[in-house]
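The values are calculated or read from the model by the stated rules, or taken from the named source; none is laboratory data. All figures in this text were calculated on a predicted structure; none of them were measured in a lab. Backbone-built Cβ (ideal geometry, glycine too); neighbour counts: all protein chains shown. Keep in mind that these areas ignore ligands, DNA and RNA; they rest on the heavy atoms of the full protein, side chains included. Shrake-Rupley method; radii C 1.70, N 1.55, O 1.52, S 1.80 Å.
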Amino acid sequence: QVQLVESGGGLVQAGGSLRLSCAASGRTGRSYAMGWFRQAPGKEREFVAAINWIGSSTLYADFVKGRFTISRSNAKNTLYLQMNSLTPDDTAVYSCAACAAAVQTMCNQYNYWGQGTQVTVSS
């Protein structure tokens, strides 16, 4: 089992930046691919970004390309999401997720989820 806890959410003005973190604990002794998702009120959860274990491959949703950057520190068991040029449309609960995977592989299905952190962008 892997436990995931997000932090770093909050209220920010449009055009501002936030950095989300996702701390992993539990059975972190093997390789895990990870990702970020978000869910806005009244909307389905949507994919934001993903990264493999060694950080050599990343994937982004079209709506965040050029604005968000996913990264990780395996030494700290932590996943990050740097979000720049935020707009009110980015307001959502952001959750991290993980799956056990080979070091260069991305997740097809996520097995572990955090509770999420609220990001609110004011206009």
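Each Cα pair under 8 Å and six or more residues apart adds its separation to the average, and for the chain the resulting relative contact order is 37 percent.
For residue 86, the amide hydrogen comes within under 5 Å of the amide hydrogens of 15, 16, counting only partners 5 or more places away or on other chains and with H modelled in the peptide plane. Note on exposure: 53, 113 ranked by accessible area (1.4 Å probe, complete protein assembly) read 113, 53, with the most exposed listed first.
Split the accessible area of the chain by element, probe 1.4 Å, and carbon with sulfur accounts for 46%.
Sparse packing (at most 11 other Cβ atoms within 10 Å of the Cβ) combined with a DSSP loop state is found for the following trypsin sites (Lys or Arg not before Pro) in the range 8-40: 30.
For the range 15-20, the Karplus equation 6.51 cos²θ - 1.76 cosθ + 1.60, evaluated at θ = phi - 60°, returns couplings of x, x, 10, 9, 10, 8 Hz by residue, with Gly and Pro reported as x. In the range 1-61, which GluC sites (Glu not before Pro) are in a loop and have at most 12 other Cβ atoms within 10 Å, using DSSP for the loop call? Hits after loop and neighbour filter: 44.
Farthest towards the positive end of the charge dipole of the range 24-123, among the residues 114, 102, 48, is the Cα of 102, using unit charges on the Cβ of Lys, Arg, Asp and Glu. About its Cα centre, the dipole of the chain is roughly 340 debye, where the only charges are +1 on Lys and Arg Cβ and -1 on Asp and Glu Cβ. Between the range 59-112 and the range 7-28, what is the C-alpha centre distance in whole Å? Comparing the Cα centres of the range 59-112 and the range 7-28, I get a distance of 10 Å. Under 5 Å from the amide H of residue 33 lie the amide H atoms of 99, 101, each residue being 5 or more positions distant or on a separate chain, with H modelled from the backbone and absent for Pro and chain starts.
Couplings 3J(HN,Hα) of the range 32-38, computed from phi: 10, 8, 9, x, 10, 10, 9 Hz, in residue order, whole Hz [Karplus 6.51 cos²θ - 1.76 cosθ + 1.60, θ = phi - 60°; x for Gly and Pro].
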